[in-house]
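S.K.: Just dropping this structure here.
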Ligand code: BJ8
């Protein structure tokens, strides 16, 4: 990090020793997993910089925004519309939840058999190690899976600024009405938080900014169709992870720069791995920073990841928001339409998701799918069985993995992943 941020972290009430330990582990993991890769696009230098300053410069920027009276909203789910936050003059940041922390303390509040993602969100708060969480003026939780829904009841007693958004579970007209009503309620809450009225102009601008971020990632995704793959899955995942907390305009520009570079690579037939390297699509639970375990195992076992059917990936960014509405209601309808297409496994039935997986396999030329389920995540683990059945019926090999954030199973997972890669290489 370029400067000493200790006073800043202290001012946020963070536990400095615990935070140092976390940064130490993060830095080492990044070195071993990211910087050890070969043939990385030069443009990834920007993301290396972002990661080296993830708790430094970006937090300083957010605190500077706060000094200018801008509010920071933290979120755990892709159902929280960034368009509305931006339109109200707030900045939305994703709260990562990708590593175990303060586990003993967490298990005083949550059952042991809770998914790692939920435990991590508690661990970062209880351990006071996340400057994003500590900077947030409002934290948005959502009634998605049962685990999150119930955990937020407890979380409300741990933080004093939790706002809970209700979400539908069925894609019916009633479900859509609920989503629309909840987005209207969120709009009012943002206006109250920031003191700014959301206008047609500000909402259109918010839509434009978020669409541009998504479009840059679509461009990146399209380039990954090439063989040899011009970028590793690990690097593409990182871009998808940074999507959630970087400055939006700078993020868009940086991803587009990488895309320019990848286009040249593709023309020259250059890739990160040799041509004909087995191609994997990952599908399932979101992978938040610094959860790089499975992609790292896959890409050090002789395959390349060509797409992520995940909320930190295509499920989260697939659709753009229509911006042609002429008044606030039309724009809010468009936002509702856009988010109602997100095919999270909390929906029942959820046919769209398996259709999308098949579409993605075809679009990215994947040789097989690895379904990633976090232990104790009922929605995704339940869905993984019909997903596997559907894929195998049409001749697409699929392997289901259930894991957590611990490293104890790395050897065992690597053995399984290697066997799967061998199977799809035939
Ligand atoms: S829209 S996927 S970001 S809810 S892994 S906490 S589902 S038990 S994260 Fe998600 Fe929004 Fe859906 Fe996407 Fe529960 Fe499963 Fe844990 Fe999960």
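The values are calculated or read from the model by the stated rules, or taken from the named source; none is laboratory data. Worth saying up front: this structure is predicted, and the values here are computed from it rather than measured. FYI the Cβ positions are ideal-geometry reconstructions off the backbone, even for glycines, and counts take in every protein chain you see.
S.K.: Checking the conditions here, which among 417, 312, 358 is at pLDDT 95 or above, away from the ligand (no atom under 16 Å from the Cβ) and buried (at least 22 other Cβ atoms within 10 Å of the Cβ)?
M.R.: Values: 312 fails: away from the ligand (no atom under 16 Å from the Cβ); 358 fails: buried (at least 22 other Cβ atoms within 10 Å of the Cβ).
One residue alone meets the criteria, 417.
S.K.: In addition: Does residue 412 count as within 16 Å of the ligand (Cβ to nearest atom) and modelled with pLDDT of 95 or more? Steps first, answer last, please.
M.R.: On the way: within 16 Å of the ligand (Cβ to nearest atom): no; modelled with pLDDT of 95 or more: yes.
In short, no.
S.K.: Would you check which residues across the stretch 366-388 are in a loop (DSSP other than H, G, I, E, B) and either without any contact (Cβ under 8 Å) to a residue 60 or more places away in the chain or under 13 Å from residue 344 (Cα atoms) (or both) and list them? Lay out the reasoning, then the answer.
M.R.: Just the residues of the stretch 366-388 that are in a loop (DSSP other than H, G, I, E, B), to begin with: 366-367, 375-377.
Result: 377, single match.
S.K.: Taking helices (runs of 4 or more DSSP H) that do not extend beyond the stretch 1-61, which have at least 2 residues that are under 21 Å from the mean Cα position of the chain (by Cα)?
M.R.: Numbers: elements: 6-11, 16-30, 44-52.
The qualifying helices (runs of 4 or more DSSP H) are 16-30, 44-52.
S.K.: Residues being within 14 Å of residue 379 (Cα to Cα) and touching a residue at least 24 places away in the same chain (Cβ under 8 Å): count how many of those fall in the stretch 334-351. Before the answer, list the steps.
M.R.: First, the residues of the stretch 334-351 that are within 14 Å of residue 379 (Cα to Cα): 343-351.
So of that shortlist, the ones also touching a residue at least 24 places away in the same chain (Cβ under 8 Å) come out as 343-348, 350.
Qualifying residue count for the region: 7.
S.K.: Going through the stretch 48-76 one residue at a time, which ones are surrounded by 22 or more Cβ atoms within 10 Å (Cβ to Cβ) and either within 16 Å of the ligand (Cβ to nearest atom) or without any contact (Cβ under 8 Å) to a residue 40 or more places away in the chain (or both)?
M.R.: Within the stretch 48-76, 73, 74, 75, 76 qualify.
S.K.: Being assigned to a loop (DSSP other than H, G, I, E, B), within 22 Å of residue 56 (Cβ to Cβ) and within 17 Å of the chain's Cα centre (by Cα) is the filter; apply it to the stretch 78-129 and report the residue that is farthest from the ligand (Cβ to nearest atom).
M.R.: 99
S.K.: Could I ask something else about it? Can you tell me which residue in the stretch 369-386 is nearest to residue 403 (Cα to Cα), limited to those that are surrounded by fewer than 24 Cβ atoms within 10 Å (Cβ to Cβ) and away from the ligand (no atom under 13 Å from the Cβ)?
M.R.: Applying the filter and picking the extreme gives 385.
S.K.: Can you find a residue that is within 16 Å of the ligand (Cβ to nearest atom), in contact with a strand residue (DSSP E or B) (Cβ under 9 Å, 6 or more places away or on another chain) and either without any contact (Cβ under 8 Å) to a residue 40 or more places away in the chain or closer than 30 Å to residue 390 by Cβ (or both) anywhere in the stretch 245-264? Spell out the reasoning first.
M.R.: The first filter runs over the stretch 245-264 and keeps only residues within 16 Å of the ligand (Cβ to nearest atom), leaving 245.
Retained after the next criterion (residues that are in contact with a strand residue (DSSP E or B) (Cβ under 9 Å, 6 or more places away or on another chain)): 245.
When the remaining residues are screened for being either without any contact (Cβ under 8 Å) to a residue 40 or more places away in the chain or closer than 30 Å to residue 390 by Cβ (or both), the result is none.
No, that holds for no residue.
S.K.: Going by the structure shown, is residue 147 within 11 Å of the ligand (Cβ to nearest atom) and in contact with a strand residue (DSSP E or B) (Cβ under 7 Å, 6 or more places away or on another chain)? Please lay out each step first, then the result.
M.R.: Values: within 11 Å of the ligand (Cβ to nearest atom): yes; in contact with a strand residue (DSSP E or B) (Cβ under 7 Å, 6 or more places away or on another chain): no.
No; evaluated as a whole, the condition is false for this residue.
S.K.: Which of (1) farther than 15 Å from residue 302 by Cβ; (2) touching a strand residue (DSSP E or B) at 6+ places or on another chain (Cβ under 8 Å) does residue 389 not meet, given it meets every other one?
M.R.: Checking residue 389 against (1) farther than 15 Å from residue 302 by Cβ; (2) touching a strand residue (DSSP E or B) at 6+ places or on another chain (Cβ under 8 Å), the one that fails is (2).
S.K.: Any chance the stretch 66-77 includes a residue that's more than 28 Å from residue 407 (Cα to Cα) and part of a helix (DSSP H, G or I)?
M.R.: Yes, that holds for at least one residue.
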